[in-house]
1. How large is the helix-only mean residue ellipticity at 222 nm for the chain, computed as the sum of -39500 (n - 2.57) over DSSP H runs with n ≥ 4, divided by its residue count, in deg cm²/dmol to the nearest 500?
2. Looking at the stretch 121-226, which trypsin sites (Lys or Arg not before Pro) are in a loop (DSSP not H, G, I, E or B) and have at most 10 other Cβ atoms within 10 Å?
3. List the trypsin sites (Lys or Arg not before Pro) within the stretch 31-87 that fall in a DSSP loop (any state other than H, G, I, E or B) and whose Cβ has at most 14 other Cβ atoms within 10 Å.
4. Measuring from label point to label point, each 7 Å out along Cα→Cβ, what is the Glu207 to Thr8 span in nm?
5. Using 0.36 nm per residue, how much length does the chain from Met1 to Ala21 gain when fully extended, once their Cα-Cα distance is taken away?
6. Which whole-number percent is the relative contact order of the chain (Cα, under 8 Å, 6+ apart)?
7. As a test of understanding, state the convex hull volume per residue of the chain from its alpha carbons, in Å³.
8. In the chain, which whole DSSP H runs stretch at least 27 Å along their own axis (Cα) and average 1.0 or higher on the Kyte-Doolittle scale?
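Where a number appears in this text, it was derived from the coordinates with a stated rule and is not lab data. Keep in mind it's a predicted model, so treat the numbers as computed, not measured. Every residue, glycine as well, gets a Cβ built from its backbone with ideal geometry; the counts of neighbours run over all protein chains shown.
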Amino acid sequence: MLRPLGITGPLPTPELPLLPAERAAAESFVAGHGIAPGHFPLVVLHPGIGMNFYRVPLKRWDPRSFAAVADALVERFGAAVVFTGQGAEERELVATARAAMRHPAIDACDQFSVTELAALLARAHLVVANDTSVMHLAALVGTPVAALFGPTAPLHYGPRGDRHLVFYRDLYCSPCLTNYNLKISRCLDPVCMRGITPEAVVAAIAERYLDEHAPLRAATQHRARA
């Protein structure tokens, strides 16, 4: 959009300044749930989505898949797990995911303002999320994101930067929600989302961020302390 105006080249990296009180609220929350300042990794999972006006949750990964990822990260890496959400619908998704887990996880649904949520995401080492505003908020504060895409195209809506993981099957029918069709789809069975397996997500997260020799392990571990 800027090229016709003669503005080219890489875009500047956006930043979201956080107030000390917002960071303190996030730190107080995790400390109150027994997470020590040096605990690694702290993983935030967001199973909700921003619903489209026709109320079909095509972009939503199964909350039981979030639960499987969370359990695997606890068992393999000793992760502390926090689920976030807002409102009755996402509260139910968080409850479903936590109930499906073998290990305890922290419920942060309806606990934060937007900027306090940003501080929590900044405090985390990794965020796992659907294509939502929370995904973008995490990327904005510099936290690596494992982003789950199906009906929408990550080329258009994915997190900015090269530190993130994007899961997208790019099926013959994908993407079916675009600005060109007013984000209206006739699909009632999002196989594109069901086809993303928890095993694949965990394996990619481990290889990129958490295994002993993962290329971004040191940067991921240091980032939350910065």
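1. The helix contribution divided over the chain gives -10500 deg cm²/dmol.
2. Numbers: sites: Arg123, Arg160, Arg163, Arg169, Lys183, Arg186, Arg194, Arg208, Arg217, Arg223, Arg225; in loops: Arg160, Arg163, Arg169, Lys183, Arg186, Arg225.
For trypsin sites (Lys or Arg not before Pro) across the stretch 121-226 that sit outside H, G, I, E and B with at most 10 neighbouring Cβ atoms in 10 Å, the list reads Arg186, Arg225.
3. Within the stretch 31-87, the qualifying trypsin sites (Lys or Arg not before Pro) (loop, at most 14 other Cβ atoms within 10 Å) are Arg55.
4. According to this spin-label approximation, the distance is 3.6 nm.
5. Working: separation 20, 0.36 × 20 = 7.20 nm, distance 3.71 nm.
Length difference between fully extended and current span is 3.5 nm.
6. Working: 370 pairs, mean separation 46.5, N = 226.
Result for the chain is 21 percent.
7. On the way: hull volume 32.0 nm³, N = 226.
Normalising the Cα hull of the chain by residue number yields 141 Å³.
8. Working: long enough: none.
Membrane-span-like by this criterion, though nothing is claimed about a membrane: none.
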